[in-house]
C-alpha cells in the first residue's frame, strides 16, 4: 500500500486526476448495474394484484349444420326473380321467388316502352298533377338519384323494382284523373294487359316453413342436418372436402328457407377440455366478426386417439353463418373476471390455496379461493364466512382471516414456513 501511495505521488497531476476520474466512473457503473439488477429483479419477486379477465379457449374448424329446406319449381331453367331478398324473413306459404317466363324479356320491354310513353304524356299534361302525384314524383327522383351509388346486385334489383312500382302507382293515379277513352288511359290499359300476361305466366315458389330466405345452395342441405348427428365422424366431415371460409355460391335455380331459431356447429377437438366435456354444458364461441355468443353442447362423439366430435347448438347470429358451410372460430370453454394473480404466486398447504402478501415489510399468509385457472394466471377471491365454516375453520380463525385485495403485493414462489 505504501508503494502504491508513493507511486501515486510520483505521477503527474494530470495523470493522477485521470486515474481518480476512472475509479469514480467504475464505482458509478457498478452502482448503476446493481440498481438495474434490483429493478429487474423486483417484479419477478413481487406481483401487484390487479383486476383482469381470463379465458380458456382454442381455435377450431367448424361445419355449419342447419335445419333448412330447399325449394325448386318446374321452370328452374328459366332463372330466378327474387321476391324475398337474401337473408330476409318469410312466413310459411309466402311467395319468396318466381321463375322468369319464356317470353318475359319481350313483355318487360313492351312495358318499359309504354312507361316512357305514359311518362311523356303526364309531363305534358300539368292538369294531372295533384299532391299524390307530386309525392310519387319526388320518391322516384330520390330512388333514381340513389341508384347510381349502389353496387350490390340484390339491392340494385330491389331499387329497380321499387321504382317500377312507383311509376305504376303514378300511372294509375293519372289514369283516374284522365278522361275515359283518352290516349293516356289507352296506354295504361295496354300496360295492364302486358303486366297480366307477365304475372299469369310466371311460376311462384312459396316458403314451406317460416324462416330466413337464402339462395346460397350447396347440395349439403339434406346431408348436414340435425337428424344425423350420430353418424357424424372426423373421417366423414373431412371427406366433404370443404374449404374453410369459402362463401357458398348463389343458385340461379333454387332457394331455401332456414330455421331462424337455431343452428349447429360440428367441430373436432383433442384438448383436455374436450375430453372432459359433457352434454348440456354451456360454453361460448367467438365468430370471425369477433362476436361472442352462447352455445350448448348437444352431442359428443368419441373418436380414436383421444379426439372428440363436438356438436354445438347456437341460437344467435344465425344469419352471420348463412354464407358459409365450414368456418374457423374460437371455442371459449370458460371466461372469468376478478382478481388476477400468477400461478407462481399460489401455493398449497393442507389442500388449500394460499398467497403470501408483503405489506409494510411484513409477510402474511392469505387464504384464497381459485375460481378458474389458466396456463399462467388464475382468478381468485376470498372465501365467505359460510364457506370457511364448511371448511372447518373456527370462529376465531374466521375472525382473524386476512383477505386478498386489489393492489396487494404478493410474492412469487412463496415459502409458507414460519408464516402465520
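The values are calculated or read from the model by the stated rules, or taken from the named source; none is laboratory data. Because the structure is predicted, anything quoted here is derived from the model rather than measured. Cβ sites come from the backbone with ideal geometry, for glycine too, and all protein chains shown count toward neighbours.
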Looking only at residues that are in a strand (DSSP E or B) and in contact (Cβ under 8 Å) with a residue 12 or more places away in the chain in the stretch 340-352, which one is nearest to the chain's Cα centre (by Cα)? 340
Across the stretch 370-397, which residue is farthest from the chain's Cα centre (by Cα) among those that are without any contact (Cβ under 8 Å) to a residue 24 or more places away in the chain and surrounded by 15 or more Cβ atoms within 10 Å (Cβ to Cβ)? 393
I'd like the full set of residues that are surrounded by fewer than 18 Cβ atoms within 10 Å (Cβ to Cβ) and part of a strand (DSSP E or B), limited to the stretch 310-325. 313
What number goes with the only condition from (1) surrounded by 15 or more Cβ atoms within 10 Å (Cβ to Cβ); (2) under 37 Å from the mean Cα position of the chain (by Cα); (3) in a strand (DSSP E or B) that residue 410 does not pass? (2)
The condition of being modelled with pLDDT of 95 or more, in contact with a strand residue (DSSP E or B) (Cβ under 7 Å, 6 or more places away or on another chain), part of a strand (DSSP E or B) and closer than 14 Å to residue 54 by Cα holds, among 380, 368, only for 380
Listed residues 337, 288; which is surrounded by fewer than 16 Cβ atoms within 10 Å (Cβ to Cβ), on the phi < 0 side of the Ramachandran plot and assigned to a strand (DSSP E or B)? 337
Determine whether residue 275 is surrounded by fewer than 16 Cβ atoms within 10 Å (Cβ to Cβ) and either more than 20 Å from the chain's Cα centre (by Cα) or over 15 Å from residue 326 (Cα atoms) (or both). yes
The lone condition residue 280 fails out of (1) part of a loop (DSSP other than H, G, I, E, B); (2) at pLDDT 95 or above; (3) more than 17 Å from residue 313 (Cα to Cα) is (3)
Residue in the stretch 247-258 that is within 16 Å of residue 328 (Cβ to Cβ), touching a residue at least 12 places away in the same chain (Cβ under 8 Å) and out of contact with any strand residue (DSSP E or B) (no Cβ under 6 Å at 6 or more places or on another chain) present: yes
Taking the criterion of being more than 30 Å from residue 203 (Cα to Cα) and either surrounded by 14 or more Cβ atoms within 10 Å (Cβ to Cβ) or over 24 Å from the mean Cα position of the chain (by Cα) (or both), would at least one residue in the stretch 247-263 satisfy it? yes
